[in-house]
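The values are calculated or read from the model by the stated rules, or taken from the named source; none is laboratory data. Note that this is a predicted model, so its numbers are computed, not measured. Ideal geometry is used to build each Cβ from the backbone, glycine not excepted, and the neighbour counts take in all protein chains shown.
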Amino acid sequence: MAGIRLLAPDPLDQRTGGYRYDRYMVEALRATGHSARIEGLQGHFPDVDAAAVDALHTALAAEIEGPVVVDGLAAAALAYIDLAHVPGPPPLLLVHHPFVDDPDLEPALRDWLARAERTAFARCSGLIATSHYTARRLIELGADERRIRVVEPGTEAAAAARGSDGPGVRLFALGAVVPRKGHDVLIEALGRLGSREWQCRIAGNRNRMPEWARGLDARASELGIARHIEWLGEVDEAGLEAAWRDVDALVLASHYEGYGMVVAEALVRGLPVVTTTGGALAETLPEGCGWSVPPGDADALARALAELIDRPGRRAGRARAARQAGARLADWNTQAKRFGTMVAELASK
């Protein structure tokens, strides 16, 4: 099969789960003998402007042999392109999660994007979903089940987390500081832990919604827990790896995730996970590897965190289960081979 081209909105170095999936997958495809590259698209996404549509049209019109995969963030642009006048077969669409499920979008924009996305579903050669949960959602939204394939993220081998050296429990949260990630629920839950000893390190971009981030700071101060929280901001790969080393557990309070790569990354490090059941998270965390609570429920999250802190034996048992589950997860090279197979299969139909 000729080289795979993955098209995604610029900048390509964004440190979200979706962009990390794109970059890691392309790197792994190359490592496993495939010709693959990722190309950036100029313009405004996901609520596309004329520049975005032109950029995608130009990329699709390039007479370069091989299948083209368009990241779902550009799905709305695909809806505005007449593929009958574009050489070669229609592109594939890579969907991390459908727009209709994104609670951070304004309702009117979410509805518009969802309509454009459904048009893109019908026009593309096939869809690759990053979780079985997302695949089921695509079917519910009208996509043809026969043209959907699932390729979950891979994992990288990682040293077991050392755990914190001081008293109490050190928690780690990772994700952009936006409402969907539930940092407000996390802070409310942490504020209900009473005199328990804990620290929480939070990594993620605070600049997307700065007023939201400032509101979280203010609420942590009101609750008297600000000194226990360390905001790392957005960190590079080396900084992220360092942040993982001396923590005792991952906590993810998201209202919704299309997969939850961070959960898999915690498992391979042998860390128990406290998470919600939002979206695909109910399926991403294996049984016995942590605690799952309903999204948006600060009381339930606080009870889970209290048990994690108060019962070190149970925490250790779930850490062992996490390490065992992490060892069974497919690595990026394995998933890249699957990705290449699925792309070839869909592109040939």
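Has segment 325-333 got any residue that is among the acidic types (Asp, Glu) and part of a helix (DSSP H, G or I)? Taking every residue of segment 325-333 in turn, none turns out to be among the acidic types (Asp, Glu) and part of a helix (DSSP H, G or I).
Val262 - would you say it is closer than 18 Å to Glu156 by Cα, buried (at least 16 other Cβ atoms within 10 Å of the Cβ) and either of a type outside the set (S, T, N, Q) or under 18 Å from the mean Cα position of the chain (by Cα) (or both)? Against the criterion (closer than 18 Å to Glu156 by Cα, buried (at least 16 other Cβ atoms within 10 Å of the Cβ) and either of a type outside the set (S, T, N, Q) or under 18 Å from the mean Cα position of the chain (by Cα) (or both)), Val262 qualifies. Meeting the requirement of 1 or more residues that are buried (at least 16 other Cβ atoms within 10 Å of the Cβ) and in contact (Cβ under 8 Å) with a residue 60 or more places away in the chain, the helices (runs of 4 or more DSSP H) wholly within segment 1-115 are 17-31. Restricting segment 150-165 to residues that are modelled with pLDDT of 80 or more and charged (D, E, K, R), the residue that is surrounded by the fewest Cβ atoms within 10 Å (Cβ to Cβ) is Glu156.
The residues of segment 127-157 that are within 20 Å of Tyr19 (Cα to Cα) and small (Gly, Ala, Ser), listed by number, are Ala129, Ser131, Ala135, Gly154, Ala157. Scanning segment 117-136 for residues that are crowded, with 20+ Cβ neighbours inside 10 Å and farther than 17 Å from Met342 by Cα yields Glu117, Ala120, Tyr133.
Please find, among Val274, Val251, Val262, the residue that is in the same structural domain as Trp212 (by TED's automatic domain parsing), modelled with pLDDT of 95 or more and part of a helix (DSSP H, G or I).
Answer to the selection: Val262.
Looking at segment 258-278, can you tell me whether even one residue there is hydroxyl-bearing (Ser, Thr, Tyr), more than 18 Å from Ala319 (Cα to Cα) and touching a residue at least 24 places away in the same chain (Cβ under 8 Å)? Checking segment 258-278: at least one residue is hydroxyl-bearing (Ser, Thr, Tyr), more than 18 Å from Ala319 (Cα to Cα) and touching a residue at least 24 places away in the same chain (Cβ under 8 Å). Against the list (1) outside any helix (DSSP H, G or I); (2) surrounded by fewer than 18 Cβ atoms within 10 Å (Cβ to Cβ), the condition Trp291 fails is (2).
Looking across segment 144-180, the residues that are part of a loop (DSSP other than H, G, I, E, B) and in contact with a strand residue (DSSP E or B) (Cβ under 6 Å, 6 or more places away or on another chain) come down to Val151, Gly154, Ser164, Gly168. Within the set Arg192, Arg227, Arg208, Arg214, the sole residue that is over 17 Å from Arg315 (Cα atoms), out of contact with any helix residue (DSSP H, G or I) (no Cβ under 6 Å at 6 or more places or on another chain), assigned to a loop (DSSP other than H, G, I, E, B) and among the charged types (D, E, K, R) turns out to be Arg208.
Could you pull out the residue among Arg338, Arg303, Arg328, Arg315 that is out of contact with any helix residue (DSSP H, G or I) (no Cβ under 8 Å at 6 or more places or on another chain), surrounded by 15 or more Cβ atoms within 10 Å (Cβ to Cβ), of a type in the set (D, E, K, R) and closer than 26 Å to Thr155 by Cβ? Answer to the selection: Arg338.
Within segment 216-250, the set of residues being without any contact (Cβ under 8 Å) to a residue 40 or more places away in the chain and small (Gly, Ala, Ser) comprises Ala218, Ala220, Ser221, Gly224, Ala226, Gly233, Ala238, Gly239, Ala242. Residues to consider are Ala280, Ala304, Ala298, Ala322; find the one that is over 18 Å from Thr130 (Cβ atoms), assigned by TED's automatic domain parsing to the domain that holds Ala249 and in contact with a Phe, Trp or Tyr (Cβ under 9 Å, 6 or more places away or on another chain). Only one candidate passes the filter, namely Ala304. If you go through segment 153-200 and keep only what is over 26 Å from Asp236 (Cα atoms) and among the charged types (D, E, K, R), you end up with Glu188, Arg192, Arg196, Glu197.
Here is a yes/no grid of residues against (1) surrounded by 14 or more Cβ atoms within 10 Å (Cβ to Cβ); (2) farther than 24 Å from Ser164 by Cα; (3) at pLDDT 95 or above:
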site	(1), (2), (3)
Ala203	yes, no, yes
Arg206	yes, yes, yes
Met209	yes, yes, yes
Trp212	yes, yes, yes
Gly215	yes, yes, yes
Ile229	yes, no, yes
Val235	yes, no, no
Leu240	yes, no, no
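Rundown of residues vs (1) within 21 Å of the chain's Cα centre (by Cα); (2) at pLDDT 95 or above; (3) among the polar types (S, T, N, Q), yes/no style:
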{"position": "Ala55", "(1), (2), (3)": "no, yes, no"}
{"position": "Gly72", "(1), (2), (3)": "yes, yes, no"}
{"position": "Pro89", "(1), (2), (3)": "no, no, no"}
{"position": "Trp112", "(1), (2), (3)": "no, yes, no"}
{"position": "Ala116", "(1), (2), (3)": "no, yes, no"}
{"position": "Ala129", "(1), (2), (3)": "yes, yes, no"}
{"position": "Ala143", "(1), (2), (3)": "no, yes, no"}
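Condition first: under 16 Å from the mean Cα position of the chain (by Cα) and either under 23 Å from Gly66 (Cα atoms) or outside the structural domain of Leu93 (by TED's automatic domain parsing) (or both). Now tell me which residues in segment 10-52 satisfy that. Passing the criteria: Leu12, Gly18, Tyr19, Arg20, Tyr21, Asp22, Arg23, Tyr24, Met25.
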